[in-house]
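K.L.:
For reference, the structure I am asking about is given below.
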Amino acid sequence: MTVVKPNLFDYDRQGLRDLFASIGEKPYRADQVMKWMYHRHVTDFGQMTDVGKALREKLSAHVDIVPPKTVFEKQSADGTHKWLLGMDGSNAIETVFIPETSRGTLCVSSQVGCGLNCQFCSTATQGFNRNLSAAEIIGQVWVAARHLGNVPHHQRKLTNVVMMGMGEPLLNFDNVVRAMSVMRDDLGFGLANKRVTLSTAGLVPMIDKLSEASDVSLAVSLHAPNDELRTELVPLNKKYPIAELLGACQRYVAKRPRASITFEYTMMKGINDKPELARQLVKLMRKVPSKVNLIPFNPFTGTRFERSEEEDIRNFQKILLDANVLTTVRRTRGDDIDAACGQLKGQVVDRTRRQAEFRRTLDEGQVDAA
Ligand code: SAH
């Protein structure tokens, strides 16, 4: 029988210190190992030269440092870099790095697939398999940081992390919180709190729980300014309607002076891009310190939605801006390698039968195949 050793990527600083204590080692030893892992991208205890030989041997015997395996990687013409990372035999997830002039953002996945079934999201068509471990989440950042030669406090190409890849991060709460702790730890990736953003489709009780557990930026996938339309696009809205969602957002910012919530709004032609809806959105945005990020819809095979016309996006934005609601339009990046928002698919062994159902609707012609 093979014994699986603990993977050190599964622990945050405190967890690692406790683990070291359990094998009779001092906390500073855990800190040293953490620096090797995250600042120098070393996974081989043999190379950790300031750790004594006896301890290196002890560590090799008891624990492991295993990053995710890269199945393939691809770079877009615009510099966007996508990794397909193998999580186990047949599951894989996607991680995307988006370089910009003043920052570099990594889009990280939290689950293999997703169970929320948002109508316009390609990950939803894949169904859901399982939560990622903390190691698999922080491992995505590690793979990208190593590729980019990131050295915290010196050279940082990776400056921001957004939990906006595959999955609903608040449904994998403990592992996501632990991984985000390593992202923000000086011995980890040393990112400032506000540079780590968790995006949620709106699980109200979990937003309150996050508010207690972690100090990160919060983004909420809104996509519609009234319950009727939002329930159609984001079925979770039936359980947590907009008023309750905004209540949780208000509580989140109330605890954090100067914080605001980013509301994501994917622009779909003829669905949610009418001026009247922009006016409704203005009213909602008055209730909480907020920014709106309009995302031009990214098409994928089998979707019945289309991207809004540029002019409609501009008009929508103008209505918000004229009402003093800070509103940006997300530039679509990496769409030549299917790395844009809502296009991440990975390889999911579906446990929800969602894939089969999606294919059936395609066959029955209920969906216009692209
Ligand atoms: N489950 C979380 C994390 C996913 S974030 C959440 O819902 O927030 C991915 C973001 O891209 C979300 O705002 C999502 O609604 C949006 N998105 C999904 N599919 C899209 C598509 N096809 N085009 C543009 N944006 C999309």
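K.L.:
Determine the gain in length on full extension of the stretch Arg40-Ile23; use 0.36 nm per residue of separation and subtract their C-alpha separation, reporting nm with one decimal.
P.N.:
3.7 nm
K.L.:
Could you tell me the center-to-center distance, by alpha carbons, between segment 265-320 and segment 170-243 in angstrom?
P.N.:
Answer, in whole Å: 20.
K.L.:
Of Arg178, Arg29, which has the most accessible area and how do the rest follow, probe 1.4 Å?
P.N.:
Arg178, Arg29
K.L.:
Separate question: So for the chain, averaging the separation of alpha carbon pairs under 8 Å that are six or more residues apart and normalising by length, what relative contact order in percent results?
P.N.:
With pairs under 8 Å counted, the relative contact order is 17 percent.
K.L.:
Quick check on segment 8-62: take the gyration tensor over C-alpha atoms, sort the square-rooted eigenvalues as a ≥ b ≥ c, and tell me if it's rounded (a/c under 1.5), prolate or oblate.
P.N.:
oblate
K.L.:
Where a ≥ b ≥ c are the square roots of the eigenvalues of the C-alpha gyration tensor, would you call segment 69-363 rounded, which needs a/c under 1.5, or, failing that, prolate if a/b is larger than b/c, or oblate?
P.N.:
Rounded.
K.L.:
For labels at Arg330 and Gln47 in the simple 7 Å Cα→Cβ model, what's the distance in nm?
P.N.:
Simple spin-label model gives 3.4 nm for this pair.
K.L.:
Give the angle, between 0 and 90 degrees and rounded to the nearest 10, that separates the Cα long axis of helix 242-254 from the longest principal axis of the Cα atoms of the chain.
P.N.:
Orientation of helix 242-254: about 50 degrees from the principal axis.
K.L.:
Calculate for the chain the 222 nm mean residue ellipticity that helices alone would give, adding -39,500 (n - 2.57) per DSSP H run of length 4 or more and normalising by residue count, nearest 500 deg cm²/dmol.
P.N.:
-10500 deg cm²/dmol
K.L.:
Using a 1.4 Å probe, what is the accessible area per residue for segment 8-62, in Å²?
P.N.:
50
K.L.:
Compute the acute angle (0 to 90°) between the alpha-carbon long axis of helix 173-184 and the principal axis of greatest extent of the alpha-carbon atoms of the chain; round to the nearest 10°.
P.N.:
70
K.L.:
Which residue fluctuates most in the GNM of the chain (Cα springs below 10 Å): Asn193, Asn237, Asn324?
P.N.:
Asn324
K.L.:
May I pose another question? Where only protein heavy atoms count, and the probe is 1.4 Å, what is the accessible area per residue for segment 78-179 in Å²?
P.N.:
Value for segment 78-179: 29 Å² per residue.
K.L.:
Decide, for segment 152-304, between rounded, prolate and oblate: order the square roots of the alpha carbon gyration tensor eigenvalues as a ≥ b ≥ c, take rounded if a/c falls under 1.5, and otherwise choose prolate if a/b is larger than b/c, else oblate.
P.N.:
It comes out prolate by the Cα gyration axes.
K.L.:
Here's another thing I want to ask about it. Using a Debye calculation, one point per C-alpha and no hydration shell, please list log10 I(q)/I(0) for segment 48-184 at q = 0.13 Å⁻¹ in order.
P.N.:
Log10 I(q)/I(0), no solvent term: -0.61.
K.L.:
Pairing the Cα long axis of helix 27-39 with the longest principal axis of the chain, what angle in degrees results, from 0 to 90 and rounded to the nearest 10?
P.N.:
Helix 27-39 sits roughly 60 degrees off the main axis of the chain.
K.L.:
Moving to a separate point now. Using a 1.4 Å probe on the protein heavy atoms, what percent of the accessible area of the chain belongs to carbon and sulfur?
P.N.:
49
K.L.:
Highest GNM mean-square fluctuation, the chain, Cα pairs closer than 10 Å: which of Ala92, Ala259, Ala340?
P.N.:
Of the options given, Ala259 has the highest mean-square fluctuation.
K.L.:
To the nearest 20 Debye, how big is the dipole of segment 8-62 about its Cα centre, given +1 on the beta carbon of each Lys and Arg and -1 on that of each Asp and Glu?
P.N.:
In total the dipole reaches around 160 debye.
The values are calculated or read from the model by the stated rules, or taken from the named source; none is laboratory data. Remember, it's a predicted structure, so these values are computed and weren't measured experimentally. With ideal geometry, Cβ positions are generated from the backbone for all residues, glycine too; neighbour counts draw on all protein chains shown. Calculation scope for accessible area: heavy atoms of the full protein, side chains included, ligands and nucleic acids excluded. Shrake-Rupley method; radii C 1.70, N 1.55, O 1.52, S 1.80 Å.
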